[in-house]
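**Q** Quick one: structure below, then a few questions.
The values are calculated or read from the model by the stated rules, or taken from the named source; none is laboratory data. Bear in mind that the values here come from a model prediction, so they are computed numbers and not experimental data. Ligands, DNA and RNA are excluded from the accessible area calculation, which covers all protein heavy atoms including side chains. Shrake-Rupley method; radii C 1.70, N 1.55, O 1.52, S 1.80 Å.
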Amino acid sequence: MRKVLIPTKLDAKAADILRDRGYEVVLDATTPFEECVKNNSDAEVLIVRSEKVTPEIIDAMPKLRLVVRAGAGYNTIDIKYARTKSIDVMNTPGANSNGVAEEVVAMMLAGYRHVVPADISTRRGDWEKSKFMGREVTGKTIGIIGLGHIGQLVVKRLGGFEATFLGYDPFLPPEVAEKIGVKLCTVDEIFAQADIVTLHIPENDETRGMVNRRLLDMMKPGAMLINCARSGIVNEADIRAVKAEKPLVFCNDVYVKDAAGEKSVADIADVMLPHLGANTKEANFNAAVKAAEQTCDYFEKGITRAVVNKF
Ligand code: 3PG
């Protein structure tokens, strides 16, 4: 019987599906990750969320054949090292996109209407209406960097706001952009024209540090930048420098280290959340179903479409 280890907070539906299909499943979100791996070193499949799958973890599981990232971003997995051991790594594209897209809408509204500081102030007994003069999303120009599953859903969910959508995505066919109501532009054009820019690209060698002083200088005073993607895409020091010179609203969900502790962006983020994008019951359920079904398809039908390390 093939053993699957799920050492993470993933909806139990994944384990149910896999057990029904004859897999042995260990679902354990309480034992520390490394210890859990050690206790289940005979597993052939590892299903994770953002746990770090390092060479040490891979070496600790000699029978490992498949790592499934129940989610989109796989920067936490050493995919090259996995390849050297003939281990396939796959993600579950689209499974949690709606959770992230809705968080982006929440960020926009919270940032424009000062929801968090106004709540704190009102609880304190203050009545700071003039301090919390807000802005409206309706009719704004919204720039989306990256029009994959999440970027496209952001556009769809914002459908009622009568916004103008500018988008950058080198892989999106122009006819698809036209169909979803997005004008394709360069990154420079988006930063110069948008009232709100939201990032939906992976962090990699091409995108690391992409949102830098040059782009931030182009933004209109009062413009909003939303990062629910990965922290390395933005240059924090540059945001700090530009914010000292003109008003910018920065809403942030992602960190160098996604864990408890002080956050280096605390002084520049107007809204900051602990990587909650995909943290909805619905997204967790969808990711669990996809991870389990993709595992079954991989072993039973040889379907490797979602494998991300076919070098
Ligand atoms: C993703 O890459 O799927 C999202 O950033 C969510 O990550 P999480 O599963 O660690 O919440």
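**Q** With θ taken as phi - 60° and the coefficients 6.51, -1.76 and 1.60, list the Karplus ³J(HN,Hα) couplings across the range 207-213 in order, rounded to whole Hz; mark glycine and proline as x.
**A** 9, 4, x, 4, 7, 10, 3
**Q** Could you tell me whether the range 162-297 comes out rounded, prolate or oblate from its Cα gyration tensor? Rule is a ≥ b ≥ c as square roots of the eigenvalues, rounded for a/c under 1.5, then prolate if a/b exceeds b/c, otherwise oblate. Display every interim value, and only then the final one.
**A** On the way: a/c = 2.01, a/b = 1.19, b/c = 1.69.
Cα axes put the range 162-297 in the oblate bin.
**Q** Taking the radius of gyration and the Kirkwood hydrodynamic radius from Cα positions alone, what is the Rg/Rh ratio for the range 1-72, to two decimal places?
**A** Values: Rg = 11.1 Å, Rh = 12.0 Å.
Result for the range 1-72 is an Rg/Rh of 0.92.
**Q** For the range 238-250, in order, what is each residue's ³J(HN,Hα) by Karplus, 6.51 cos²θ - 1.76 cosθ + 1.60 with θ = phi - 60°, in whole Hz (x at glycine and Pro)?
**A** With the stated coefficients, the range 238-250 comes to 5, 4, 4, 5, 6, 5, 6, 9, 8, x, 9, 9, 10 Hz.
**Q** Amide H of residue 225 versus every other amide H placed in the peptide plane: which residues, excluding those fewer than 5 positions away on the same chain, fall under 5 Å?
**A** 197, 249, 250, 251
**Q** Continuing with this model, one more query. What is the log10 of I(q)/I(0) for the range 250-296, computed with the Debye formula using one identical point scatterer on each Cα and no solvent, at q = 0.24, 0.27 Å⁻¹?
**A** Log10 I(q)/I(0), no solvent term: -0.83, -0.93.
**Q** Now a separate question. Go ahead and estimate [θ] at 222 nm for the chain from helices alone: -39,500 (n - 2.57) per DSSP H run with n ≥ 4, summed, over the residue count, rounded to 500. Display every interim value, and only then the final one.
**A** On the way: 12 runs with 109 residues, N = 311.
Value at 222 nm, helices only: -10000 deg cm²/dmol.
**Q** Now for a different question. Counting only protein heavy atoms and using a 1.4 Å probe, what share of the accessible area of the range 143-238 belongs to carbon plus sulfur, as a whole percent?
**A** Working: 2330 of 4360 Å².
Heavy-atom surface of the range 143-238 belonging to carbon and sulfur, 1.4 Å probe: 53 percent.
**Q** Could you run the Karplus curve 6.51 cos²θ - 1.76 cosθ + 1.60 with θ = phi - 60° over the range 185-202 and give me ³J(HN,Hα) per residue in whole Hz, x for Gly and Pro?
**A** 3J(HN,Hα) across the range 185-202, in whole Hz: 9, 7, 4, 4, 4, 5, 5, 6, 9, 7, 7, 9, 10, 10, 9, 9, 10, x.
**Q** Calculate the all-directions average of the projected area of the chain's alpha-carbon convex hull, and give it in nm².
**A** On the way: hull surface 70.4 nm².
Averaged projected hull area, Cα only: 17.6 nm².
**Q** Now a separate question. Would you compute, for the Cα atoms of the range 66-213, the largest minus smallest coordinate along each principal axis and list the three values in descending order, in whole Å?
**A** For the range 66-213, the Cα extents along the three principal axes come out at 62, 40, 31 Å.
**Q** How long is the range 131-214 along each principal axis, judged by its Cα atoms, biggest number first, in Å?
**A** Projected onto the principal axes, the Cα atoms of the range 131-214 cover 41, 33, 20 Å.
**Q** Right, next: Averaged per residue, what accessible surface does the chain expose to a 1.4 Å probe, in Å²? Please report the intermediate quantities before stating the final value.
**A** Numbers: 15450 Å² over 311 residues.
I get 50 Å² per residue for the chain.
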